[in-house]
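Accompanying notes for the structure given below.
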Amino acid sequence: MNLTRTALLAGARDTVPMLVGAAPFGVIFGTLAIASGIPVWAVLALSALVFAGSSQFVAVSLIGGGAALPVIWLTTFVVNLRHALYSASLLPYVRHLPARWRWPLAFWLTDETFAVVERYLREHGTGEAGVWYWLGSSLAMYLNWQLWTVAGVLLGQSVPGLAELGLDFAMVATFAAIVAPQLRQRPVLAAALAAGGVALLARHLPYKLGLMLAALAGVLAGLLVERLAAGQPQGEKA
């Protein structure tokens, strides 16, 4: 029991910087959703049942623009396809777990939780502690998102123009903090440069297709550099 509690709290603790970065993001989502005319219950349901910030923002934008349901479904599906990459990376650590563990952990998997959990599992392996660590990080992010969505809904109803204050910069800073420590590795640096370049060039594509092209380019670039490095003699590697 002590191991379970310690690992659960450690996962939540290590996710705190991500919670701070996600807070303005949740507030802005709530305010934008209310400004788009979406009922309060539907806004809260989006955060509770979808739990994917980027997809929720895209959905709110499309709903506000009067898009048809198939367009909303397809676009949010494309935006969330990056989670397939996360799942593939974490699969070796959880393939032995029963479905009652894999299903909720898959639902709660976000960019921030992936960054925290992947590093922990890579260094310590899964084991019983790893599973509870993952759960601690997941629950912390989930509850944090619900809290700040509610705050955004309340502020959106009482403070006009809050979404224009640029609070979403905190989320950009959070993702930069996730990526920066990994850039010392050549494959990661190559992946970041390739993904960033493609995302910039393809930013005007519809349905956020540029996001998936950027992800694909980053994966291919990272794999290419990793294979080239593996083919070098030991003394020539960086």
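The values are calculated or read from the model by the stated rules, or taken from the named source; none is laboratory data. Keep in mind that what you see is a predicted model, and the values were worked out from it rather than measured. Here the Cβ positions follow ideal geometry from the backbone for every residue, glycine too, while neighbour counts run over all protein chains shown. Accessible surface is based on the protein model in full, side chains and every heavy atom, while ligands, DNA and RNA are left aside. Shrake-Rupley method; radii C 1.70, N 1.55, O 1.52, S 1.80 Å.
Residue-wise test of (1) of a type in the set (F, W, Y); (2) in contact with a helix residue (DSSP H, G or I) (Cβ under 9 Å, 6 or more places away or on another chain).
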| residue | (1), (2) |
| --- | --- |
| L81 | no, yes |
| A88 | no, no |
| R95 | no, yes |
| F114 | yes, yes |
| V131 | no, yes |
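Here V131 passes the criteria (1) within 20 Å of Q56 (Cβ to Cβ); (2) buried (at least 20 other Cβ atoms within 10 Å of the Cβ) except the one numbered (1). Considered as a group, the residues in segment 140-160 that are under 20 Å from the mean Cα position of the chain (by Cα) and open to solvent by less than 60 Å² (accessible area, probe 1.4 Å) include one that is modelled with the lowest pLDDT, and that residue is G152. Scanning segment 35-49 for residues that are part of a helix (DSSP H, G or I), open to solvent by 10 Å² or more (accessible area, probe 1.4 Å) and at pLDDT 85 or above yields a total of 8.
Among residues that are closer than 20 Å to W108 by Cβ, modelled with pLDDT of 80 or more and crowded, with 16+ Cβ neighbours inside 10 Å, A52 is included.
The single residue among G218, G197, G222 that is modelled with pLDDT of 80 or more, within 17 Å of the chain's Cα centre (by Cα) and not in a loop (DSSP other than H, G, I, E, B) turns out to be G218. Which one is surrounded by the fewest Cβ atoms within 10 Å (Cβ to Cβ) among residues in segment 55-113 that are assigned to a loop (DSSP other than H, G, I, E, B) and touching a residue at least 24 places away in the same chain (Cβ under 8 Å)? Here the residue is H96. May I ask you to list the residues in segment 19-49 that are without any contact (Cβ under 8 Å) to a residue 12 or more places away in the chain and hydrophobic (A, V, I, L, M, F, W, C)? Those that are without any contact (Cβ under 8 Å) to a residue 12 or more places away in the chain and hydrophobic (A, V, I, L, M, F, W, C): W41, A42, A45, L49.
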